[in-house]
Amino acid sequence: MLKKLLPLVLMLAFASQAVADEADIKKAMEAKLGTKIESVTKSGYLGLYEVYADGNILYTDEKMTAFIAGGQLIEGKSMKNVTEERMRKLTAIRFGDLPFERAIKQVRGDGKRVLATFEDPNCGYCKRLAKDLQKLDNVTIYTFLLPILSEDSIRKSKQIWCSADRAKTWNDWMLDGKAPAGRDDCDTSAVSKNQEFGRKLNISGTPTMFFGDGERVPGAMPLARIEQRLNQVK
């Protein structure tokens, strides 16, 4: 019996020590950096700890003798980008918590697959994404207007939101370059609320996409990869 229990006891003791180490480093890091640390976990590489704070990942050793900030941790064997993978998990959301009433909704086919995008109407990458998304079928796309580039972006977002057919006006502009020309003085609180929500989620660039499992993807993504991710989410 003792032989069976010993591995379990050792495992629990090791886990307890790891938690204590991470808690100690988190406390010391908050004191050193003067900011709230969201999490500290062992990275599993080179004895480094992953520190997540202010929407960013940095790495340090247990004594905090040095820091790696703004870099990417790459696994040598598979060349997998560990930092990128971890960021997607750390910044994931609950898809159902998104304020869908403030989005432009487009349904294609059976609409079973879901995708949410945060986009600026003057964003070139967003226009490229819009063309790619036209090729998707059996999907529901929620587009949140997030003007962050200029005052003109705000004006266009308001005009699109005030239009009688938001999806058509959005597509006319993003796909065909036909600028919205309607009013911009309706109830556009959805646009300002999206801006506030975007800051809350630390969205600093457009497009930013969220899949049905809550995974966040900042920036452009090839259409084939979008299809793959949509099909992976159950």
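The values are calculated or read from the model by the stated rules, or taken from the named source; none is laboratory data. Bear in mind that the values here come from a model prediction, so they are computed numbers and not experimental data. Positions of Cβ are generated from backbone atoms using ideal geometry, with glycine treated the same way; all protein chains shown enter the neighbour counts.
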For this session: Select, from S157, S192, S150, the only residue that is at pLDDT 95 or above, of a type outside the set (A, V, I, L, M, F, W, C), under 30 Å from L90 (Cα atoms) and in contact with a strand residue (DSSP E or B) (Cβ under 8 Å, 6 or more places away or on another chain).
Result: S157
Problem set entry | Members of segment 85-104 found to be out of contact with any Leu (no Cβ under 9 Å at 6 or more places or on another chain), surrounded by 14 or more Cβ atoms within 10 Å (Cβ to Cβ) and over 14 Å from V51 (Cβ atoms), listed by number | R88, A92, F95, L98, F100
Problem set entry | Condition met for A92 (of a type outside the set (F, W, Y), in a strand (DSSP E or B) and either touching an Asp or Glu at 6+ places or on another chain (Cβ under 8 Å) or modelled with pLDDT of 95 or more (or both)) | no
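Sort out for me the strands (runs of 3 or more DSSP E) sitting completely within segment 22-65 that have 2 or more residues that are in contact (Cβ under 8 Å) with a residue 12 or more places away in the chain, assigned by TED's automatic domain parsing to the domain that holds R86 and out of contact with any Ser or Thr (no Cβ under 8 Å at 6 or more places or on another chain). I'd like the intermediate steps shown before the answer.
Details: elements: 39-42, 49-53, 56-60.
Filter on segment 22-65 gives 39-42, 56-60.
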Exercise. Restricting the search to segment 153-187, which residues are basic (K, R), over 19 Å from K131 (Cα atoms) and in a loop (DSSP other than H, G, I, E, B)?
Worked result: R183
Seminar exercise, completed: Apart from one, (1) under 16 Å from E119 (Cβ atoms); (2) at pLDDT below 95 all hold for F144; the odd one out is (2)
Exercise. Quick one: how many residues across segment 183-207 are over 26 Å from D54 (Cα atoms) and surrounded by fewer than 14 Cβ atoms within 10 Å (Cβ to Cβ)?
Worked result: 5
For this session: Give the number of residues within segment 105-143 that are under 16 Å from F210 (Cα atoms), part of a loop (DSSP other than H, G, I, E, B) and either in contact (Cβ under 8 Å) with a residue 60 or more places away in the chain or among the aliphatic types (A, V, I, L, M) (or both).
Result: 2
